[in-house]
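The values are calculated or read from the model by the stated rules, or taken from the named source; none is laboratory data. It should be emphasised that the depicted structure is a prediction, and the values quoted were computed from it without experimental measurement. Note that we place each Cβ from the backbone using ideal geometry, even for glycine, and neighbour counts take in every protein chain shown. Accessible surface areas use protein heavy atoms only, side chains included; no ligands, DNA or RNA. Shrake-Rupley method; radii C 1.70, N 1.55, O 1.52, S 1.80 Å.
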Amino acid sequence: EKGGYDCFMEKEIFEQPDGIKHTLERRLDESGKIVLDDIHIDKSYLDYINKIYIIACGTAYNAGILGKTAMQKWMGIPVITDIASEFRYNQNFVDEKTLVILVSQSGETADTLAVLRDSKKKGARVLAVTNVVGSSIAREADDVFYTWAGPEIAVASTKAYTTQIVALYMIALNFALEMEKISEAEYFDIIDKMKEIPSKVQEVLDNRDYINVIADEIVGSEHAFFLGRGVDYALAMEGSLKLKEISYIHAEAFAAGELKHGTIALVEDGTPIISIATQQNLFEKMVSNMEEVRARGAYVVAISQKHNKEVEKVSNRVIYIPDSEDILSPIIAVIPMQLLALTVSSKRGLDVDKPRNLAKSVTVE
Ligand code: M6R
């Protein structure tokens, strides 16, 4: 059942090229346009709403932050992303003019389901992005987008995350086109670039040996930090969640611009800092942050595109990923971080698929 892999997480990481391909390409019609079968939202509704909330937990929340970036960029509408267990008890502004998007692999997460019910009571429309057909969230939502990732068994979410990002981007693109906020040319251009992602993900998977070298160097660490700006910060959050939940190394994500506001005090000789530098407009800033932590003795592992050779000067190790559009790069850049968490966990002799204290589906608060 593990298909020759050592554990489900490994199998699921390697299933990502297929999962992404299915989620995207099975929804394209002959003209190459995205068809969202179970979403019945039209232009008049999109013109009527004044904001979107994207609510989720854990990895699904991390995917939601990227969804927000895409929706704000292409649809030009305010989007707020929040954690379900916070959102439901804090003051929020859900009303008829709000679209609530819930992201949940299992479709059974208690806090996310509670937000669904509250939001419907307040008159909002609820769109679910989920991987499980017939799950509670899928059944109760007004509209559904199924991530066709296939069953995810390992507690650590991998293929659900990458397909959730693809799903949120596809929704954003379709809504933006409907609202006439992007041109057809731009729409098709991004879809074409998305079609290239599965082979780029495969390329990273094929280079997994290098991750082994880095895993050996951080396996004994007590702490590890992840650094990024913009979408790379959202990605840093996902990288640190993966590492902490299955390797039990204390891992945290820092927005690179926050270093001087406190976090740089934690850097000691040999502290591993995984630094993600995939955003062209933020690249120089990121490089100078890497320089700062390196000067304080950090062991810097850079993740960047092949043409950004400059990162070599400010890091101990570099993981190069294939080039792509800035907003699409997280789907590729997360792969080495998943592999790193997996490798460190198994080198520590831990149960990769079933980390202590955690359940796959969190159906109680
Ligand atoms: O099933 P859901 O997507 O609603 O689950 C949300 C989180 O519990 C889940 O992503 C969790 O954070 C994973 N263990 C992360 O790898």
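From the list Glu186, Glu180, Glu196, the lone residue that is open to solvent by 20 Å² or more (accessible area, probe 1.4 Å), within 21 Å of the chain's Cα centre (by Cα) and more than 16 Å from the ligand (Cβ to nearest atom) is Glu196.
Among the residues of segment 148-161, not a single one is out of contact with any Cys (no Cβ under 6 Å at 6 or more places or on another chain), open to solvent by less than 10 Å² (accessible area, probe 1.4 Å) and over 30 Å from Asp353 (Cβ atoms). If the condition is being outside any loop (DSSP other than H, G, I, E, B), within 13 Å of Ala56 (Cβ to Cβ), within 16 Å of the ligand (Cβ to nearest atom) and open to solvent by 30 Å² or more (accessible area, probe 1.4 Å), then segment 70-122 contributes Asp82, Ile83, Ser85, Glu86.
The residue pairs whose first member lies in segment 302-313 and is more than 16 Å from Val204 (Cα to Cα) and of a type in the set (A, V, I, L, M), whose second member is open to solvent by less than 70 Å² (accessible area, probe 1.4 Å) and outside any strand (DSSP E or B), and whose beta carbons are closer than 8 Å, counting only pairs six or more residues apart or on different chains, are Val311/Val287; Val311/Met290.
Residues in segment 234-286 that are within 17 Å of the chain's Cα centre (by Cα), among the charged types (D, E, K, R) and surrounded by fewer than 24 Cβ atoms within 10 Å (Cβ to Cβ): Lys244, Glu245, Glu252. Within segment 319-350, the residues that satisfy the criterion of being acidic (Asp, Glu) and in contact with a helix residue (DSSP H, G or I) (Cβ under 8 Å, 6 or more places away or on another chain) are Glu325, Asp326. The set of residues in segment 142-158 being out of contact with any Leu (no Cβ under 6 Å at 6 or more places or on another chain) and either aliphatic (A, V, I, L, M) or within 11 Å of the ligand (Cβ to nearest atom) (or both) consists of Val144, Thr147, Ala149, Glu152, Ile153, Ala154, Ala156, Ser157, Thr158. When you scan segment 128-139, do you find a residue that is surrounded by fewer than 19 Cβ atoms within 10 Å (Cβ to Cβ), under 18 Å from Arg26 (Cα atoms) and touching a residue at least 12 places away in the same chain (Cβ under 8 Å), even just one? There is at least one residue in segment 128-139 that is surrounded by fewer than 19 Cβ atoms within 10 Å (Cβ to Cβ), under 18 Å from Arg26 (Cα atoms) and touching a residue at least 12 places away in the same chain (Cβ under 8 Å).
The C-beta contact set for segment 42-66 (first residue among the charged types (D, E, K, R), second residue open to solvent by less than 30 Å² (accessible area, probe 1.4 Å), distance under 9 angstrom, 6+ apart or interchain) comprises Lys43/Met179; Asp47/Met179; Lys51/Ile77; Lys51/Val79; Lys51/Thr98; Lys51/Leu99. Among residues of segment 1-22 that are without any contact (Cβ under 8 Å) to a residue 12 or more places away in the chain, those with a Cβ under 9 angstrom from a residue that is among the β-branched types (Val, Ile, Thr) and surrounded by 22 or more Cβ atoms within 10 Å (Cβ to Cβ), sequence gap 6+ or separate chain, pair up as Tyr5/Ile13.
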